[in-house]
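Remarks on the structure that follows.
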């Protein structure tokens with residue numbers, strides 16, 4: 001009888017698989033070593049796969065939160081740049097909604113100076129955005145930009161007033177004296193945790209559902225459930241932050257909206273409103289396609305004048321009545337409502353930059369206007385030559401897009417003050433270079449008209465922030 005070989009069976013359980021080895025006894029020692037190596041290799045592989053799966057899940061969670069924050073940010077910028085200015089009232093380009101306090105998706109007005117609540121997604125026309133933990137986004141807005149109540153001038157010199165701290169506790173945006181605060185902050189609250197100032201986890205039941213303490217966290221001396229508008233030392237702080245035991249104590253994810261993020265779009269909106277008024281004025285049959293004189297920019301120590309001025313093709317947007325425009329194109333009598341055969345002495349019916357428009361009072365100092373010689377007031381009011389820009393060359397260029405002199409007018413809206421600019425005194429307000437930057441013209445004050453013809457709508461940078469519209 002042949003000797004039967006005695007076999008030893010070894011089973012290795014690895015995740016959902018069972019690996020079976022059958023070994024002859026005389027080979028067990030060497031094989032055992034091999035089995036141990038296999039176990040270690042497979043175990044390491046399983047750990048790596050598990051870690052990769054966990055990492056992949058976290059990446060997807062982070063992406064969902066980041067996408068929700070980014071879309072909300074874009075919606076707020078769009079809202080600020082498209083505020084309806086009619087019917088006439090106090091609405092301003094740049095207005096942002098108050099937060100949602102009762103979790104119904106709509107802005108709750110009025111809101112105080114430290115405005116914090118959920119994102120008013122219905123007011124913004126958004127889907128019901130949630131972060132990766134399933135929570136709605138929260139939102140804080142600067143007192144300078146909230147739309148109810150409006151407490152200050154809003155133009156390109158208006159700064160954000162919310163302080164924001166990095167996760168290491170350092171100040172990233174100063175809403176205090178330095179003027180680098182943010183305009184708004186979006187917050188993804190993350191999953192429930194226990195705040196360091198509480199002895200129980202956050203309560204997100206119906207009882208505590210509208211209390212920011214149950215969603216927003218506290219760390220390094222900053223409490224995301226409250227802040228003080230305009231204060232350098234009391235703001236909001238970016239997560240994720242862990243304590244010395246590596247326990248997460250703040251998991252709020254923040255996305256800020258800065259002055260730079262939002263103001264360019266608002267400047268373009270203002271320029272578009274002025275452009276519409278100029279086109280409407282020129283298209284009125286009585287004006288025969290022609291445009292009003294600009295006002296004069298003067299650094300004489302007197303307040304800026306917004307009266308139209310004969311011969312001035314470059315200055316600020318004139319207030320009506322356009323006395324000189326009317327007289328120079330049709331004779332006297334332009335102080336009266338009835339026209340004397342000249343061009344209209346006021347903006348036409350759909351124009352939103354009338355002197356009494358609250359929003360325009362904020363922006364008129366920032367807005368400049370250049371008029372092509374081919375479309376200036378004349379007496380009698382003859383129409384400009386057909387294709388006047390190409391046939392006479394008496395037009396403007398805006399480069400980019402092109403150095404060709406084919407523009408009837410250009411509207412330039414100044415950005416916030418850059419280093420070296422000041423807009424406090426009357427003399428400073430009457431100096432082009434305190435508002436506009438090269439390659440746009442910045443001529444010194446002159447008692448006679450200075451009428452440049454070349455302009456630029458360059459990319460916003462540390463040395464240039466003019467917004468230009470043209471026709």
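Values for this structure:
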{"quantity": "Yes/no for residue 136 being surrounded by fewer than 24 Cβ atoms within 10 Å (Cβ to Cβ) and closer than 25 Å to residue 191 by Cβ", "calculated": "yes"}
{"quantity": "Filter pass, residue 352 being modelled with pLDDT under 95, more than 27 Å from the chain's Cα centre (by Cα) and not in a helix (DSSP H, G or I)", "calculated": "no"}
{"quantity": "Hits in segment 361-381 (condition: more than 25 Å from residue 443 (Cβ to Cβ) and surrounded by 20 or more Cβ atoms within 10 Å (Cβ to Cβ))", "calculated": "362"}
{"quantity": "Within segment 447-471, considering residues that are within 13 Å of residue 414 (Cβ to Cβ) and surrounded by fewer than 18 Cβ atoms within 10 Å (Cβ to Cβ), the one modelled with the highest pLDDT", "calculated": "464"}
{"quantity": "Which numbered condition residue 295 misses (of (1) outside the structural domain of residue 386 (by the TED database); (2) touching a strand residue (DSSP E or B) at 6+ places or on another chain (Cβ under 6 Å))", "calculated": "(1)"}
{"quantity": "Complete set of residues in segment 278-314 that are more than 17 Å from residue 328 (Cα to Cα), touching a residue at least 40 places away in the same chain (Cβ under 8 Å) and part of a helix (DSSP H, G or I)", "calculated": "278, 279, 280"}
{"quantity": "Out of 143, 166, 191, 219, sole residue that is touching a residue at least 60 places away in the same chain (Cβ under 8 Å) and buried (at least 17 other Cβ atoms within 10 Å of the Cβ)", "calculated": "143"}
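Yes/no per residue for (1) touching a residue at least 12 places away in the same chain (Cβ under 8 Å); (2) surrounded by 21 or more Cβ atoms within 10 Å (Cβ to Cβ); (3) in contact with a strand residue (DSSP E or B) (Cβ under 6 Å, 6 or more places away or on another chain):
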residue	(1), (2), (3)
73	yes, no, yes
83	yes, no, no
86	yes, no, no
91	yes, no, no
94	yes, yes, no
101	yes, no, yes
104	yes, no, no
113	yes, no, no
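The values are calculated or read from the model by the stated rules, or taken from the named source; none is laboratory data. This structure is a prediction, so every number in the text was calculated from the model and none was measured. With ideal geometry, Cβ positions are generated from the backbone for all residues, glycine too; neighbour counts draw on all protein chains shown.
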